Amino acid sequence: MSVPTKNKKLIAWVNEIAAMTTPEKIIWCDGSTEEYDRLMAEMVESGMAIKLNEKLRPNSFAFNSDPSDVARVEGRTYIASVKEEDAGPTNNWIDPVELKKIMTEKYTGCMKGRPLYVIPFSMGPIGSPIAKIGIEITDSPYVVVNMHTMTRVSTKVYDLLGTDGDFIPCLHSVGSPLEPGQKDSRWPCAPIEEKYIAHFPEENLIWSYGSGYGGNALLGKKCLALRIASAMAGREGWMAEHMLILRFTNPEGKKYHIAAAFPSACGKTNLAMLQSTVPGWKVETIGDDIAWMKPGKDGRLYAINPEAGFFGVAPGTSEGSNPMALASCSRDAIFTNVVVTEDKDVWWEDMGKECAGGTDWLNRPWKPGMKDADGKKILGAHPNSRFTAKAELCPVICPDWEDPEGVPIDIFVFGGKRTSVMPLVHEAFDFEQGVYMGATASSEPTAAALDLGNVSLRFDPFAMTPFIGYHGGDYMQHWFDMGEMLGDKAPKVFYVNWFQKDGKRFVWPGFGENSRVLKWMCDRVEGKVDAIETPIGMMPANDDLAKGLDLAKEDWERLMKVDTVAFKKTLEDAKVYLAKFGDKLPKKMTEQLEKLEKRLG
Ligand code: GTP
Ligand code: SPV
Ligand code: MN
């Protein structure tokens with residue numbers, strides 16, 4: 001195969017990696033439909049992919065991962081900065097020299113019997129000033145097809161690089177070499193204790209080994225666009241955040257742009273595409289997972305979505321909860337760890353329709369209602385099963401979603417899953433308190449990461465705990481610095497919780513009805529509605545936003561309750577948590593904490 005680039009660094013790097021990993025051949029990818037179709041056909045042939053019913057789900061495929069390789073592995077994710085103090089309590093630090101030694105041993109000969117694919121991709125529109133070029137080397141064809149959808153893979157990237165252009169090298173291997181004649185497993189990967197998801201922030205370098213799954217393997221996403229980019233953004237004065245971006249337009253045509261950070265599997269994809277129930281107001285999607293933001297010439301903060309697709313949580317996605325996500329994966333989609341039905345379509349729990357049966361995510365015959373030996377219901381889809389869908393297929397994708405200038409952010413929202421204590425919505429008194437709210441955000445764990453252990457609640461600053469590429473204290477300080485830079489043009493900050501429960505029942509209807517809360521925020525931006533001051537922030541002065549909902553008075557009261565005793569307890573937990581940031585905890589965090597303590601009395 002001829003080499004489609006003259007870029008010196010790229011050619012040297014590919015040669016160096018090929019010498020180390022000894023693949024059977026090198027394939028330079030071009031991002032074409034022909035390439036996608038060819039790889040899918042090969043994977044169907046090998047048994048890795050299942051072609052879905054062309055009539056029901058055109059050009060779509062299902063995969064089942066190895067049961068041990070179903071989510072990100074935070075305990076195996078490393079920030080290998082040169083100095084230990086440049087990584088913080090949210091990171092696993094390891095000396096880069098030592099880590100490279102360990103990983104080089106693993107990488108040596110690891111692609112034996114497999115092709116090495118070179119994927120040229122852009123995060124952000126190709127050629128836009130805010131975009132970043134990455135090259136991923138991988139031995140996984142599953143990664144190549146997913147990268148086609150999630151990023152912009154194109155030979156234009158080679159052209160753009162020229163002979164001397166720079167790029168972010170992203171090395172990936174499933175860590176499962178094949179001996180001559182050895183039959184490949186359906187989903188090759190390495191055991192958990194051999195997996196490494198490694199980042200070298202000073203070199204803008206990513207090395208991933210042993211996992212084929214989403215955030216561990218599609219290196220443009222969490223590794224580049226969040227961990228490496230957050231470290232760059234901290235150095236360069238911009239922001240790389242785990243945030244959805246949406247446009248909310250009122251009946252008069254005024255546009256508001258909202259960026260919201262919720263932890264993994266806590267509702268970003270859903271909010272990004274919500275069907276507004278507020279008459280005349282509509283939501284358009286710009287991004288569902290990652291926002292890159294820079295101050296513009298007018299001093300406001302502008303956001304772009306660096307991705308080209310959605311890697312969304314499947315379970316719970318239904319016509320009722322998120323019809324726009326379903327439409328996005330109605331064709332050209334990839335499904336990982338869902339049920340493949342008898343008529344070769346897909347199904348998952350809470351999809352809102354019946355399933356006659358099929359094969360489950362472990363590739364076993366499966367029928368709804370099946371129980372295991374202990375009488376527990378056997379799930380058909382893994383709780384972290386995902387769809388990979390093209391953003392352009394989303395019926396409510398914003399016409400400006402690829403504008404290289406980005407959209408000006410009016411509102412930041414933080415949140416997480418809290419079954420109690422956190423009210424439906426409260427507003428920060430000012431940006432600095434907003435930073436405190438973001439920095440002390442907490443959530444109950446979800447299925448998006450494998451190895452969080454048996455914790456009931458974890459602090460998750462800015463929903464970035466697993467994704468901050470440098471010291472978390474410096475990262476918090478960076479948020480304060482951005483606020484200072486933006487001054488009175490900084491977005492207004494809110495905190496939401498859709499997840500309060502009364503026994504098993506969600507108190508707030510959520511999903512489309514969340515538009516009521518977004519509208520309240522926009523009205524606050526305009527100074528159109530009153531709010532009352534509470535110790536934790538400003539809150540709706542009346543129940544207008546819930547008018548017309550079938551919500552009992554006690555439910556509304558529960559949603560709006562500021563439980564000072566519980567908040568004081570949270571404050572004590574926050575003190576213990578924040579102490580982990582040591583000298584690097586910004587003074588402003590301590591100030592905010594003291595102010596909150598005083599307000600709580
Ligand atoms: P990542 O892709 O992991 O970063 O997650 P995400 O934040 O995009 O999560 P997503 O929107 O896919 O939500 C995950 C889960 O939250 C699904 O099970 C949803 O059904 C549920 N969910 C989302 N919004 C709401 C809501 O308003 N109310 C309730 N009760 N559940 C919700
Ligand atoms: C997340 O876990 O926050 C995701 C899915 O968005 S993954 O890309 O697998 O990290
Ligand atoms: Mn995410």
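Candidate cross-link partners of Lys156 among the aspartates and glutamates, defined by an alpha-carbon separation under 16 Å and a same-chain spacing of 8 or more, comprise Asp30, Glu35, Glu136, Asp164, Asp166. Taking 19 Å as the straight-line reach from the Cα of Lys575, the lysines in range (excluding those fewer than 8 positions away in the same chain) are Lys584, Lys587, Lys588, Lys595, Lys598. For the chain, the Kirkwood estimate of the hydrodynamic radius, built from every pair of different alpha carbons, is 24.7 Å.
Positive-end ranking of Ala231, Ala272, Phe262 along the dipole of the stretch 217-312, with charges on Cβ about the Cα centre, is headed by Ala231.
In terms of surrounding Cβ atoms within a 10 Å radius of their Cβ, Met422, Met538 rank from fewest to most as Met538, Met422. Can you tell me, using C-alpha contacts under 8 Å and at least 6 residues apart, the relative contact order of the stretch 390-540 as a whole percent? Relative contact order here is 34 percent.
In this structure, the residue pairs whose Cα-Cα separation is over 23 Å, taken from Lys100/Lys183; Lys6/Lys222; Lys100/Lys222, are Lys100/Lys183; Lys6/Lys222. Cross-link partners for Lys547 among the lysines, with Cα-Cα distance under 26 Å and sequence neighbours closer than 8 places in the same chain left out: Lys254, Lys255, Lys268, Lys282, Lys417, Lys492, Lys501, Lys504, Lys519, Lys528, Lys561. Among Trp508, Trp556, the order by Cβ neighbours within 10 angstrom, fewest to most, reads Trp556, Trp508.
Amide H contacts of Gly415 (H built 1.01 Å from N, in plane; Pro and chain starts excluded): Ala261, Val496 sit under 5 Å, all sequence-distant by 5 or more or on other chains. This model, with +1 at the C-beta of Lys and Arg and -1 at the C-beta of Asp and Glu, gives the stretch 324-473 a dipole about its Cα centre of some 840 debye.
The stretch 342-406 and the stretch 85-164 have their alpha-carbon centroids 28 Å apart. If you take all other residues with their beta carbon under 14 Å from the beta carbon of Glu319, and give Lys and Arg +1 and Asp and Glu -1, the sum is -1.
Helix content alone sets the calculated 222 nm mean residue ellipticity of the chain: runs of n ≥ 4 DSSP H residues at -39500 (n - 2.57) each, divided across all residues, give -7500 deg cm²/dmol.
Could you sort the peptides 155-167, 64-76 by per-residue average Cβ neighbour count (10 Å cutoff), highest mean leading? Don't skip to the end; give the middle numbers.
On the way: 155-167: 16.5, 64-76: 20.6.
Going from most to least packed, we get 64-76, 155-167.
Just how far, in whole angstrom, is the stretch 526-561 from the stretch 298-320 if you go by their alpha carbon centroids? Each part reduced to its Cα centre gives a spacing of 27 Å. Here the 3J(HN,Hα) profile of the stretch 214-224, calculated from phi with Karplus coefficients 6.51, -1.76 and 1.60 at θ = phi - 60°, is x, x, 7, 10, 7, 6, x, 7, 5, 5, 7 Hz, Gly and Pro shown as x. Ordered by the count of other Cβ atoms within 10 Å of each Cβ, fewest first, Ile26, Ile290, Ile168, Ile11 give Ile11, Ile26, Ile168, Ile290. Counting only Cβ charges, +1 for Lys and Arg and -1 for Asp and Glu, the dipole size of the chain around its Cα centre is about 480 debye.
Backbone amide hydrogens, once placed in the peptide plane, bring Arg386 within less than 5 Å of Ala314, Thr336, excluding anything fewer than 5 places away on its chain. Taking the square roots of 5 times each eigenvalue of the Cα gyration tensor of the stretch 214-264, largest first, gives ellipsoid semi-axes of 28, 15, 8 Å.
No value in this document is a laboratory result; all are computed from the given coordinates. Source: prediction; values computed, not measured. Note that we place each Cβ from the backbone using ideal geometry, even for glycine, and neighbour counts take in every protein chain shown.
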